[in-house]
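Engineer: Structure in structure tokens, see below.
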There are 2 protein chains.
Amino acid sequence: MVKQKRVTSYDVAREAGVSQSAVSRVFRPGFSVSKKTREKVLKTANEMGYRPNAIARMLITQQSSMVAVIISSRANENYPEVLSQLNKNLSDKGKRVLLFTLDDTEGLDDVMEQIWTFQVDGVIALAAHFDHNNLEQFARHNVPVVLYNRHAPEANANTVSCNHDKGIKQLVDKLIATQHKTFLILSGPTSSDVANERREVAITKLAGHGITDVPIIYGDYSYDSARNEFAKWVSENTLPDAVISANDAMAIGIIDEARENLKLDIPNDMSVVGFDGISPASWFTYQLTTVKQPMEQLTKAAVDMLIERIENPDSSPESRVLSGTFIEGKSVKARTRQRD
Amino acid sequence: MVKQKRVTSYDVAREAGVSQSAVSRVFRPGFSVSKKTREKVLKTANEMGYRPNAIARMLITQQSSMVAVIISSRANENYPEVLSQLNKNLSDKGKRVLLFTLDDTEGLDDVMEQIWTFQVDGVIALAAHFDHNNLEQFARHNVPVVLYNRHAPEANANTVSCNHDKGIKQLVDKLIATQHKTFLILSGPTSSDVANERREVAITKLAGHGITDVPIIYGDYSYDSARNEFAKWVSENTLPDAVISANDAMAIGIIDEARENLKLDIPNDMSVVGFDGISPASWFTYQLTTVKQPMEQLTKAAVDMLIERIENPDSSPESRVLSGTFIEGKSVKARTRQRD
DNA sequence: ATACTTTTTGCATTCGAAGTCATTATTAAT
DNA sequence: ATTAATAATGACTTCGAATGCAAAAAGTAT
């Protein structure tokens, strides 16, 4: 097999007896070429196996048609469908995804370096801890950014996020309506903006019902951390009526720990609510009461906003907050007062 | 804020009073530049915020430093850690990931088009149904390919995969040793190479113990499909002693269906084994007996092989098969004969 | 057939860094 | 100090497609 050199527009032009410009125009949508040359060019291009070189095109058009997606490995493993959905949506808009994964803040500078050199058209960041300074840099480089699942209206960036306030209100209201009196909050790590938001909202909503000084324990969003932290806590405290977990994975960890080691009956001995709506949450064994994040809308909104910003760089930053779906499972004890 | 034009090597050169070549060399490792100019250039480059333009570099060097990772959304959702691990490994080798997600065969041609135009240095394909023709095309374009989790020694491509033969042998041997007599195989979809391999290996291994004509049902790797297909099957057949599921997600589906609707005690009424070693498999409620895929080694091997092929295009294709870890859970009835 | 539009075409230039090659500066050797 | 050897430098070209501009071709109207 002969190592064949790549076919360029010049090669096609020569072969087809036209100019390189003509070839270029044939492969550029919306440019006027006569039917005759178009056919001639397409025919020879096809015969020679010509494909326009995207890199050369990027260089001259100053548009890479690539979007950097920055995702923490934790986020990817918790919401694996986000990536494929983002990719699909972006792909429909003619953008390719250049992937960056991060473990917490580690390596952020490095990623930002890469982003400048690759001249991406835009950035979608999931669970990346961008501070003000980072966002300023993006602005200075004219790279539009959409922060996914982060509510930060003050920042000069577009954001899209789930309505945690509303979702957690629904969960808390449900627990209150079912006569739960004592609570435990299992928060995500303080390094996570989403975790902090969910925790604070939960505290506020409980306070709205006159419940204060709610104990808080911290996990890292994982099943194991939930089991460990919960086990430690119950060994030194009395069991709460209900646990409000920052996410489903930890809620499931709590349920398993309660069942396996404390021999508790969930929900009769203790209620548990989660947040996210991951698939195991709906499995028979758990049937978690939770709020399902509107993934499809979130990803679609993120992409739409980014494209809008790319095409219209001067449009002002926008924040979209989408509501999740309250899912009534069987992890909350159905203890209702008389109806009034 | 002024929309600032991008800083090029010429700008830096002018400002630093050197030639563009000098600037270029400073940013290319292993090129000889005097200490004096290097410092001068780095200083002005820094002041001006210069970053080499990766796209221009790609064009001239004919090396995109990008690797296409093609993953089906199903694969990504089942093994979300694969993507981050591949990305991390590739990133260590100075390669960036250009992501393509596919739903089954749909869109493969389109992806291949993109791959040519983007001049990627190589391709890692997970669960993509490349046929001989596809692989030929890659070879003709001199794009090295590594097929992940596919055993295809005949193909002119590198492959890395888990040792299904060994893993399934361990599972079957375990079931046989524990006196299981009747079996049901829950296969993945016939469109999946891995599913076909696992199914055929299971049949062979059972046959090795004199067990033939094992009934087979088909799911799509998902929890729900397993529940549905299993429910349908048991309504018309007698319960087997053990179900051999093509993956953990379906094994869990079977367990839940058996527990919820058939009121069975797993493993006492029926044993279930899976394959993959996903996290829910180890959760208290399931504690599945399964074979854990050696993800870290698989991803590392895939990347190493790809880099090897990129750096040394004439090296011959290689297939690596890595063994998984047998995990003894509690989903197999521990019914042992007298020890002999 | 002529003048006048409109469309199509090709030439030449551009994007930004890398690398070739000839030249100049520096160092080492005598 | 002079020559030889080496290192550093800059002018210029290259990668491959896109596009402004002017020229040519095709189409329309008179």
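Engineer: Is the shape of the protein assembly as shown rounded, prolate or oblate, going by the alpha carbon gyration tensor and its root eigenvalues a ≥ b ≥ c, with a/c under 1.5 for rounded and a/b larger than b/c for prolate?
Structural biologist: oblate
Engineer: What are the distances, in nm and sorted shortest first, from the label point of A:Glu328 to the label points of the same position in each other copy, with each label point placed 7 Å from Cα along the Cα-to-Cβ direction?
Structural biologist: Once sorted, the set of distances for A:Glu328 reads 4.6 nm.
Engineer: When DSSP assigns beta bridges and you keep just the ones with both residues in the protein assembly as shown, what percent turn out antiparallel, to the nearest 5?
Structural biologist: Looking only at bridges with both residues in the protein assembly as shown, the antiparallel portion is about 15 percent.
Engineer: What is the magnitude of the charge dipole of chain A about its Cα centre, with +1 placed on the Cβ of each Lys and Arg, -1 on the Cβ of each Asp and Glu, and no other charges, expressed in debye to the nearest 20?
Structural biologist: Dipole of chain A, to the nearest 20 debye: 1940 debye.
Engineer: Say R0 is 35 Å: what FRET efficiency, to the nearest 0.05, do B:Asp173 and B:His141 get from their beta-carbon distance?
Structural biologist: 0.20
Engineer: In whole angstrom, how far apart do the alpha carbon centroids of the stretch B:81-132 and the stretch A:233-263 sit?
Structural biologist: Distance between centres, Cα-based: 41 Å.
Engineer: If you don't mind, another one. Less than 17 Å from a label point 7 Å out along the Cα-to-Cβ axis of A:Asp109: which backbone N atoms in the stretch A:137-151 qualify, by residue?
Structural biologist: In the stretch A:137-151, the label zone of A:Asp109 (backbone N under 17 Å from the point 7 Å along Cα→Cβ) covers A:137-138.
Engineer: Using 0.36 nm per residue, how much length does the chain from A:Glu296 to A:Asn196 gain when fully extended, once their Cα-Cα distance is taken away?
Structural biologist: The A:Glu296-A:Asn196 span can extend by a further 33.6 nm.
Engineer: Which FRET efficiency value, to the nearest 0.05, is calculated for B:Asn237 and B:Ser34 with the Förster distance at 56 angstrom and r the Cβ-Cβ distance?
Structural biologist: Rounded to the nearest 0.05, the efficiency is 0.10.
Engineer: Determine, for each peptide in A:194-205, B:285-296, the mean count of other beta carbons within 10 angstrom over its residues, then list the peptides with the highest first.
Structural biologist: B:285-296, A:194-205
Engineer: May I pose another question? Taking the label point as lying 7 angstrom from Cα along the Cα-to-Cβ axis, what are the distances from A:Lys166 to the corresponding position in the remaining copies, in ascending order and in nanometres?
Structural biologist: Once sorted, the set of distances for A:Lys166 reads 5.3 nm.
Engineer: Still on this structure: For chain A, with a Gaussian network of springs between Cα atoms less than 10 Å apart, report the residue from A:Ala242, A:Ala22, A:Ala68 with the top mean-square fluctuation.
Structural biologist: Of A:Ala242, A:Ala22, A:Ala68, the most mobile in the Gaussian network model is A:Ala22.
Engineer: Please name which of A:Asn261, A:Leu171, A:Phe183 has its Cα lying farthest along the dipole of chain A towards the positive end, using unit charges on Cβ (Lys, Arg +1; Asp, Glu -1) and the Cα centre as origin.
Structural biologist: Of A:Asn261, A:Leu171, A:Phe183, it is A:Leu171.
Engineer: Convex hull volume of the Cα atoms in the stretch A:214-335, per residue, in Å³?
Structural biologist: 129
Engineer: Still on this structure, please answer the following. Taking the rotation axis that maps chain A onto chain B, which residue of A brings its Cβ closest to that axis, and at what distance in whole Å?
Structural biologist: Spelled out, residue of A and its Cβ distance from the axis onto B: A:Pro80, 2.
Engineer: Then there is this: Taking amide H positions as placed in the peptide plane 1.01 Å from N, state which residues far from A:Met66 in sequence (5 or more) or on other chains have amide H under 5 Å from it.
Structural biologist: Amide H neighbours of A:Met66, under 5 Å, 5+ apart: A:Arg96, A:Asp121.
Engineer: Now for a different question. With the dipole of chain B worked out from charges on the C-beta (+1 for Lys and Arg, -1 for Asp and Glu) around the Cα centre, which of B:Ala301, B:Asn134, B:Met58 lies farthest toward the positive end?
Structural biologist: Among B:Ala301, B:Asn134, B:Met58, the one farthest towards the positive end of the dipole of chain B is B:Met58.
Engineer: Once Rh is set to the Kirkwood radius over Cα pairs, what Stokes-Einstein translational diffusion coefficient, in µm²/s, holds for chain A at a temperature of 20 °C and a viscosity of 1.002 mPa s?
Structural biologist: 94
Engineer: Across peptide A:75-85, what mean number of C-beta atoms from other chains lies inside 10 Å of a residue's C-beta?
Structural biologist: For peptide A:75-85, the averaged partner shielding equals 5.
Engineer: Also, I was wondering about something else. How shielded is A:49-60 by partner chains, expressed as the average number of their Cβ atoms within 10 Å of its Cβ atoms?
Structural biologist: Shielding by partners across A:49-60 averages 6.
Engineer: Sequence-distant or interchain residues sharing an amide H contact under 5 Å with B:Leu322, placed H: which?
Structural biologist: Correct list: B:Ser161, B:Cys162, B:Asn163.
Engineer: Now for a different question. Can you give the Kirkwood hydrodynamic radius for the stretch A:138-262, in Å, rounded to one decimal and based on Cα pairs?
Structural biologist: 15.7
Engineer: Can you say what percent of the DSSP beta bridges in chain B, counting only those with both residues inside, are antiparallel? Round to 5.
Structural biologist: So the antiparallel bridges amount to about 10 percent of the total.
Engineer: Label position 7 Å from Cα toward Cβ: report the copy-to-copy distances for B:Ser316 in nm, one decimal, ordered from shortest.
Structural biologist: B:Ser316 label point versus its equivalents elsewhere: 6.8 nm.
Engineer: What angle, in degrees between 0 and 90 and rounded to the nearest 10, separates the Cα long axis of helix A:248-260 from the longest principal axis of the Cα atoms of chain A?
Structural biologist: The angle comes out at about 40 degrees.
Engineer: Quick one: compute the contact order of the stretch A:117-260, relative version, from alpha carbon pairs under 8 angstrom and 6+ residues apart, as a percent.
Structural biologist: Relative contact order here is 20 percent.
Engineer: Further question on the same structure: Given a 10 angstrom Cα cut-off, can you work out which residue in A:Ser315, A:Ser187, A:Ser73 is the most mobile in a GNM of chain A?
Structural biologist: Among A:Ser315, A:Ser187, A:Ser73, the largest GNM mean-square fluctuation belongs to A:Ser315.
Engineer: Still on this structure, please answer the following. What list of ³J(HN,Hα) couplings, whole Hz, do you get for the stretch A:288-301 from phi and the Karplus terms 6.51, -1.76, 1.60, once you set θ to phi - 60° and write x for glycine and proline?
Structural biologist: Once rounded to whole Hz, the list reads 6, 7, 7, 10, 8, 6, x, 3, 4, 5, 4, 5, 4, 4.
Engineer: Which one, B:Ser72, B:Phe31, B:Leu83, projects farthest toward the positive side of the charge dipole computed for the stretch B:7-83 from Cβ point charges (K/R +1, D/E -1)?
Structural biologist: Towards the positive end, the residue furthest out is B:Phe31.
Engineer: Considering only the stretch A:32-145, what is the antiparallel percent among its DSSP beta bridges, to the nearest 5?
Structural biologist: Restricted to the stretch A:32-145, the bridges split so that about 5 percent are antiparallel.
Engineer: Can you tell me the 0 to 90 degree angle between the C-alpha axis of helix A:80-92 and the longest principal axis of chain A, rounded to 10?
Structural biologist: The two axes meet at around 30 degrees.
Engineer: Here's something else I'd like to know. Between B:Tyr218 and B:Asp269, what FRET efficiency follows from the Cβ-Cβ distance if R0 is 22 Å, with the result rounded to 0.05?
Structural biologist: 0.40
Engineer: Using only Cα atoms, find the angle between the long axis of helix A:193-208 and the longest principal axis of chain A, and express it within 0 to 90 degrees, rounded to the nearest 10.
Structural biologist: 40
Engineer: Let me ask another. Expected output is a single nm value to one decimal: the length gained when fully extending between B:Ser279 and B:Glu308, i.e. 0.36 nm times separation in residues minus the C-alpha distance. What is it?
Structural biologist: Working it through step by step, the gained length comes to 7.2 nm.
Engineer: Mind telling me which of A:Thr325, A:Thr117, A:Thr178 comes out most flexible in a GNM of chain A, alpha-carbon contacts under 10 Å?
Structural biologist: Maximum fluctuation in the GNM of chain A, among the listed residues, is at A:Thr117.
Engineer: With a sphere of radius 13 Å drawn around the Cβ of A:Met66, what net charge do the other residues whose Cβ falls strictly inside it have (Lys, Arg +1; Asp, Glu -1)?
Structural biologist: Local net charge: +4.
Engineer: Follow-up question, since we're still on this one. Taking the Cα centre of the stretch B:292-332 as origin, sum charge times position over the Cβ atoms of Lys and Arg (+1) and Asp and Glu (-1), and report the length of that vector in debye to the nearest 20.
Structural biologist: I would put it at about 320 debye.
Engineer: Please compute, over every Cα-Cα pair in the stretch A:29-74, the percentage with a separation greater than 16 angstrom.
Structural biologist: When every Cα pair of the stretch A:29-74 is considered, 63 percent fall beyond 16 Å.
Engineer: Follow-up. So what are the stretch B:54-148's ellipsoid semi-axes, whole angstrom, largest first, if each one is the square root of 5 times an eigenvalue of the alpha-carbon gyration tensor?
Structural biologist: After diagonalising the Cα gyration tensor, the semi-axes are 21, 18, 10 Å.
Engineer: Please report the relative contact order for chain B, taking Cα pairs under 8 Å with a sequence separation of at least 6, and give it as a percent rounded to a whole number.
Structural biologist: Value for chain B: 16 percent.
Engineer: Would you work out the charge dipole size for the protein assembly as shown about its Cα centre, treating the Cβ of every Lys and Arg as +1 and the Cβ of every Asp and Glu as -1, and quote it to the nearest 20 debye?
Structural biologist: Roughly 1900 debye for the protein assembly as shown.
Engineer: Tell me, what is the percent relative contact order of the stretch A:7-135, built from C-alpha pairs under 8 Å that lie six or more residues apart?
Structural biologist: Relative contact order of the stretch A:7-135: 25 percent.
FYI, it's all coordinate maths here, none of it is from the lab. On a predicted model such as this, the values are computed, not experimentally measured, just so you know. Heads up, the Cβs are rebuilt from the backbone with ideal geometry, glycines too, and the neighbour counts pull from every protein chain shown.
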